[in-house]
Amino acid sequence: MRKRTRIDSRLLRKIVQKTGKPEKYLQEQISKRASRLGVSSEAAQILWAKQLEIGTAVALRKLPDHVQEQVRSSLPALFADREPRTRSKTYQTPPKHGRRVDPFSRAIDYLLADQELKSRCSDLLRKHRHLDRVLRETTTILESRIKRLASITGPINPEPLVNKALNPDPAKAIIIVSTDPGEQAGFHSLCRGIVLAFRHRAHHQLDEKVTREDALKFCAFIDVVLAILGRAHVQPPP
């Protein structure tokens, strides 16, 4: 028996309005796109909506983390210079004033969902030099977000901050991303690794070898981490 496609009905109606195509046809096309891209139907629907310049933030937040990652991983290819073959001429949006939109700028807009991260890093990502500044800014945002969520106001170094706020033992943690000890410990290790491997280096030395692509990938990764923190349960310190 064929698995039923699980797609967002509200987003589907917006695609109907944008394209003028019937729902049944669009559901079939979403399944075909999912197969072609090697992603789930939920991710394929989000990707198609983004191509049509339809807002997807609400629908995207409802999806599991692994599906959100499918969307992020597929975006760069979709927003390259070449238009997708399946995009109909009837609903193409012509460039304003005859100017072509920079695919890298579009990738920034679609990959970054966290508003603080997007506001502070978008301009840096559009530069062609000193991209190590993105690593400094993103790790500072992560550190600040953890402090704010954990209501820690006094001076504290980044690694002790992570250890205190995201203790591997959920019973001792202030920020609980999972009641499963293994998952909590894993996320603690992830954030501690970011601090040790990237934050300290970026804040103590300059690195002109960081490319735009590297900076965008790292920024998008921090965006995923911030989203997980946003769904975490916060409890008073033990």
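Laid out as a table, the results:
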| item | result |
| --- | --- |
| Rounded to 10°, Cα long-axis angle of helix 65-78 versus longest principal axis of the chain | 60 |
| The chain - Rg over Rh from alpha carbon coordinates, Kirkwood radius | 1.02 |
| Exposure proxy ranking, count of Cβ atoms within 10 Å, fewest first, for Lys62, Lys24 | Lys24, Lys62 |
| Cross-link pairs Lys62/Lys217; Lys24/Lys50; Lys50/Lys147; Lys32/Lys217; Lys172/Lys209; Lys164/Lys217 - those with Cα-Cα distance over 30 Å | Lys50/Lys147; Lys172/Lys209 |
| Degrees, to the nearest 10: 181-194 long Cα axis against longest axis of the chain | 90 |
| Relative contact order, percent, the chain [alpha-carbon distance under 8 Å, six or more residues apart] | 17 |
| Per-residue Cβ neighbour rank within 10 angstrom, fewest leading, Lys147, Lys209 | Lys209, Lys147 |
| Sorted largest first, extent of segment 112-234 alpha carbons per principal axis (Å) | 45, 28, 26 |
| In degrees, nearest ten, helix 23-37 long axis to first principal axis of the chain (Cα) | 60 |
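Only the coordinates and a few stated rules stand behind these numbers; no lab work does. Keep in mind that what you see is a predicted model, and the values were worked out from it rather than measured. All Cβ positions, even for glycine, are placed from backbone atoms using ideal geometry, and neighbour counts span all protein chains on display.
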